[in-house]
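The values are calculated or read from the model by the stated rules, or taken from the named source; none is laboratory data. As the structure is a computational prediction, the values presented were derived from the model and not from experiment. For neighbour counting, all protein chains shown are included, and Cβ atoms are generated from backbone atoms with ideal geometry for every residue, glycine included. The protein model used for the area step is the full one, side chains on, heavy atoms only, and it has no ligands, DNA or RNA in it. Shrake-Rupley method; radii C 1.70, N 1.55, O 1.52, S 1.80 Å.
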Amino acid sequence: MPPSKVDRTIAYQLISFIFTFMLIIFFVSIVVTRIMYSKVMLNIQLDNMRHLVHERVYLIDGILNKVESLSRTFQTLITDHDMKRAELLPLLQQTMRENPQIHSICVADNVFEDEQPLLIYMMRHRFIQRTIAGQDYQYQDWFQIPYISEKTYWTEPWIDTDGKGEMVISYAVPMYIEGDFNGIIRIDIELSYLHGLITDQTFFKKGSSFLVSTTGTLVAHPDMNLVMNQTLFSMAKEYDAPELARLGTAMIAGENDFIKIGDHSPFQNSWIYFQPLLSNGWSVGIAITQSVLMEEVNIILLIQTITAIFIFLAVAIVIYIRAMSVSRPIKKLAEAADHIGAGDFEAEIPRSETSHEIATLSHSFYMMQQSLKAYIQNLQITTNEKNKIRGDVIYASEIQTKLIPQNTEHPLGVKELRAYGILQPAGDIGGDLYDYFLIDEDHFCFVIADVLGKGIVAAMAMTMVSTLLPAIAPYRKSSKELLQELNNFLYKNNIESNFVTAILGVIDLKTGVLEYSNCGHVPLYIRAMDNSLVKYAETHATALGVFENLEIGSDAIQLHLGDEIILFTDGVTEAMNTDEEFLEIKGFEQILSHLPLRNPEYIAKGILRAVQEFARGSSHKDDITILIIDYKHPGIEIGLVAKDNTR
Amino acid sequence: MKNKLFPALGVLILISLFVLGACKGRDSEDSELNGPSEVYTGDSFEIRYCSKWHPQAQFSGIYMALEKGFYAQHGLDVKIQKVLQSDAALDSLESGALDVIHLDLLAALQVNADSFRVVNICQIAQRNPVLLVGKRSRGINSISDFAGKKIGVWRTGSNLSTYAFLEDHDLSMEIIPIDWSISLFTEDAVDVINIMCYNEYHQLLLSGIKEEDLFVVDLNALGYSVPDEGLYVTPEFYKAHPEECQNFASATIDGWFYAFSHIQETVSVVLERMRKANIKANKTLQHEMLNEMKKIVLPSTSEIGILKEEDYLRALELLYKMSELQIEMKYEDFYPHATE
């Protein structure tokens, strides 16, 4: 199995998984906090604004009320006590001294008796008194409105050109003596004084406070460009902010409320709380931008976020360290396993006590290493022994090979014959045998045998046969006698009860008579010069080595000039192809039909090649033995035969 | 009167052609107005001018003509003098301290009742800007509702058409003479007030009063279409410097054309002048004022700067009706451009 290509470590996977999970939790937590805190903080801040505006309203109303009360006092002194200007003057001066917020006082009494109004104001710590010339004053708001409406009146801011030329607001009280209009008493407060009270930074640090007159005019605001130049309605139009017009309408209507103003105005994105002054109907407002309002929420969110990051980092580090302590022994185990895999069975298996699982895994690895070591030791012993046996077998095989006659042009120098034999064992050594030898000058004996089974035992049996037959042949000239002797020998000496099939033939070189016996062996073929093929399938006994004193028959065949005796073992006919079909006798005969040339070596090799071709790819293996003997009658002309069979 | 009408009409056409010639392409080719197209090379002629009120968009034409060099282009060195009310301005004109002043047509005619003292060199307004307004919340929903109520009327200046309206509609009202303040109205000290459509009307709207809350009478629409402000000089000055007077009028009209085609820039110039004069400067109000002035100054491009004879005659008629004054003065004498 190839090594995994996954390069994500356990630590990486744990951290990324936990990070994702924590991220979701923190995100949800921040959103929830934001929503909930926003509402809470907004309410707290709005309450705070409300209290601040209350406080400022009471302060300014206190000042304006005092002015109102002083004005009424002077009005009473003039109208009810008939106090003249000369008597009134010290009182007015004392009042101005005690109330520095009073900018000037104007006494316009007896106006229809051609008395000019008297104006008192202070300049460089000295009181200035002057009368107002002409009649134009009667068309100014401070005079005309209370005169016509017969009510006290707080003016809009105006520039007192008769006095110091400052912008003031005035409280004007109409005076009546015995029901007839007598004139106006007026007390002025400098607008900048009120402006100072409103825009005082200690009053409200986080936002801007402002004062709006009854015409919606901004009479006090931190931005001096707006003061007296803008009304809430003109700003609504200029900045296309209709909410400012709504604010203006509510403020001049004397309402108190919160209003949210959008982005496009000097009150950009602000909450505004406003409340009217009870004295003159003006309205005090406080504006605080949404971002300032949410400052504390944002700080909480920032703290929360930083905490979250720290927690995440801490958790990540702890997980990383822990994951590494788990994965390190695993990594070492993997390295040890690699060493063992490479053949180093002495590699040290790391021991880890970090966790039960890792300790168990280490132990299992250790046990596996020990088992492998023992197994490999056994394997080495076995392999050594096997190698030794194999050496013996190879030696045996060499011996076996030497027992088989070497192929020569004329076997054993017999001019009448040509022979060629092939023995191809399935393993190192085989159980097949072929042999030929001269019993005497005139008798040529040949044998082909197949010992049932394979391996050493079969080879031993084969060796016995091949050594016994030449030894006994001089005394038993017939094939059946030779085989009977062999049978009895095998019966007596056959440890494994192996039996042997064999064809043994004796050719009388003088007469050309072949006497042969077939003991349970595959058929014998004789092919004549005209290519006619005769199969001799009859057996003369069962296989050898099974029954004692076996009765064995024989047959005699007169060989003719050029007859080929074709012998083989069942390894040829039982050769199996990949479809598990045997070659069989029929297939063998077909092979022979394709081998027309009359030469034992050519035919033997041709048969072997064809059988091997047939069995190619098949796992079935058996010993294959082929022996071809070509008989030439001694009476024929050598030249004729030689002419046909030139080698 | 009728036999005078035809030659007067001919003269009017000639004047129209003259003015149109002077203004050729001015409303469409702004680039020509951005700088002097012909630089006057001779000595510049000084003209001392005084407006009738503090700086505001009502005088945008003068400011922009000055700002853009249209006066200099005509060889004029215009000096804007301190604001003077009509009587003081007239005195200064007579004494020679001023050369050109702003006057309402009716006021100018009244000035000439005794002797011939001012001539019109440029009629800026082409319609009567006076409105009468009342709060619906105070029960003013029609003209007849005016009866028995208090009305604030300017104690000086453009009040004749208001009085004529009250007389014609037989409305008995308590007249409260006022200066310029609208506080009497906002404080409900009066029920109806006369105001200028370009100024106080918008002041009211910008102090939180809604249009639908007001009942408005447009005197011009009711036939009291006597145009008000124009530029005036003494007959002597005119006789001595007719060309300079024409150039002053022409450059002022150029200034108005420029102002109407460059609203934002003009409002900025006006606001700057207001700030320098240390008076309240409300951008929105000045914007609205300039838009209203366009309706008054430039009802159609053929009417700018001209005192039409029918307007002159209508003003005289109103004056005769509302006062004892007898003015023996020809249109051509009062408005000498007519004969040029």
Checklist entry - Quick one: net charge of A:Met224's neighbours, Cβ under 14 Å, K/R +1, D/E -1? => result +1
Item to check | Per-residue mean of C-beta atoms belonging to partner chains within 10 Å, peptide B:276-285 | outcome: 5
Item to check | Members of B:Lys68/B:Lys239; A:Lys66/A:Lys164; A:Lys237/B:Lys321 lying beyond 31 Å, as alpha-carbon distances in this model show | outcome: A:Lys237/B:Lys321
Next on the checklist: Quick check: net charge around A:Glu353, other residues with Cβ under 15 Å of its Cβ, Lys/Arg +1 and Asp/Glu -1?
Outcome noted: +3
Next on the checklist: Taking 0.36 nm per residue of sequence separation and subtracting the Cα-Cα distance, how much length would be gained by fully extending the chain between A:Asn493 and A:Met224, in nm to one decimal?
Outcome noted: 83.0 nm
Checklist entry - Relative contact order (percent) for chain A, with alpha-carbon contacts under 8 angstrom and 6 or more residues of separation? => result 9 percent
Checklist entry - Amide H to amide H, which residues 5 or more places from B:Phe45 or on other chains are under 5 Å from it, using H placed in the peptide plane? => result B:Leu76, B:Asp77
Checklist entry - Order of A:347-360, B:176-189 by packing, highest average Cβ count within 10 Å first? => result B:176-189, A:347-360
Checklist outcome for this item: Which residues qualify? For A:Asp432, with a placed amide H closer than 5 Å and at least 5 residues away or on another chain, they are A:Val451
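To the nearest 0.05, what FRET efficiency results for A:His264 and B:Val216 with a Förster distance of 41 Å applied to their C-beta separation?
Values: r = 30 Å, r/R0 = 0.74.
About 0.85, to the nearest 0.05.
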Next on the checklist: Using Cα springs under 10 Å in a Gaussian network model of chain B, which residue among B:Asn278, B:Asn112, B:Asn220 shows the largest mean-square fluctuation?
Outcome noted: B:Asn278
Item to check | Placed amide H near A:Ile177: partners under 5 Å, 5+ positions off or other chain | outcome: A:Asn182
Checklist entry - Hey, what do the phi angles of the stretch A:116-132 turn into as Karplus ³J(HN,Hα) couplings, whole Hz, using 6.51/-1.76/1.60 and θ = phi - 60°, x for Gly and Pro? => result 7, x, 9, 10, 10, 8, 10, 9, 6, 6, 10, 7, 10, 10, 8, 9, 8
Next on the checklist: How much length would be gained if the chain were fully extended between B:Glu265 and B:Glu317, taking 0.36 nm per residue of separation minus their Cα-Cα distance, in nm to one decimal?
Outcome noted: 14.7 nm
Checklist entry - According to a simple spin-label model (label point 7 Å from Cα along Cα-to-Cβ), what is the distance in nm between A:Ile299 and A:Tyr375? => result 7.2 nm
Item to check | Packing-based ranking, highest mean first, of A:617-626, A:10-19, A:126-135 given that Cβ atoms within 10 Å are counted | outcome: A:617-626, A:10-19, A:126-135
Checklist outcome for this item: Checked the protein assembly as shown against the a/c 1.5 cut and the a/b vs b/c comparison, axes a ≥ b ≥ c from its Cα gyration tensor; verdict prolate
Checklist entry - At what distance in nm do the modelled label points of B:Trp180 and A:Ile317 sit from each other, each positioned 7 Å from its Cα along Cα→Cβ? => result 7.5 nm
Item to check | Probe 1.4 Å, protein heavy atoms only - accessible area per residue of the protein assembly as shown in square angstrom | outcome: 48 Å²
Checklist outcome for this item: Interface B-A: total buried accessible area (1.4 Å probe, Å², nearest 100) of 2000 Å²
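Across peptide A:146-159, what mean number of C-beta atoms from other chains lies inside 10 Å of a residue's C-beta?
Mean shielding count: 3.
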Next on the checklist: Is the C-alpha gyration tensor of the stretch A:204-290 telling us rounded, prolate or oblate? Criteria: a/c under 1.5 is rounded; beyond that, a/b larger than b/c is prolate, otherwise oblate.
Outcome noted: rounded
Next on the checklist: Could you identify which residue out of B:Leu103, B:Leu231, B:Leu84 has the top mean-square fluctuation in a GNM of chain B using Cα springs shorter than 10 Å?
Outcome noted: B:Leu84
Checklist entry - Which value in deg cm²/dmol, rounded to the nearest 500, describes the helix-derived mean residue ellipticity at 222 nm for chain B, given -39,500 (n - 2.57) per DSSP H run of n ≥ 4 and division by the residue count? => result -12500 deg cm²/dmol
Item to check | Modelled label reach - B:Glu167, point 7 Å along Cα→Cβ, the stretch B:321-338 residues with backbone N closer than 20 Å | outcome: B:321-329
Checklist entry - Where the accessible area of the protein assembly as shown is counted over protein heavy atoms with a 1.4 Å probe, how much of it, in %, is carbon and sulfur? => result 55 percent
Next on the checklist: Please compute the modelled spin-label separation between A:Arg328 and A:Lys386, points set 7 Å along Cα→Cβ, answer in nm with one decimal.
Outcome noted: 4.4 nm
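Taking the Cβ of B:Gln58 as the centre, find all other residues whose Cβ is under 10 Å away and add up their charges (Lys, Arg: +1; Asp, Glu: -1).
Computed value for this residue: -1.
What does the average come to when, for each residue of peptide B:176-186, you count the partner chain Cβ atoms lying within 10 Å of its Cβ?
That works out to 5 on average.
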Next on the checklist: If I stretch the segment between A:Gln424 and A:Ala556 completely, what's the gain in nm (0.36 nm per residue apart, minus their alpha carbon distance), one decimal?
Outcome noted: 44.6 nm
Item to check | Top of B:Met289, B:Met196, B:Met173 by mean-square fluctuation, Gaussian network on chain B, Cα under 10 Å | outcome: B:Met173
Next on the checklist: Sorting check: for B:137-149, A:269-281, which peptide has the highest mean count of neighbouring beta carbons within 10 Å, and how do the rest follow?
Outcome noted: A:269-281, B:137-149
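Rounded to the nearest 500, what is the 222 nm mean residue ellipticity of chain A from helices alone, with -39500 (n - 2.57) per DSSP H run of 4+ residues and division by all residues?
So the calculated ellipticity at 222 nm is -15000 deg cm²/dmol.
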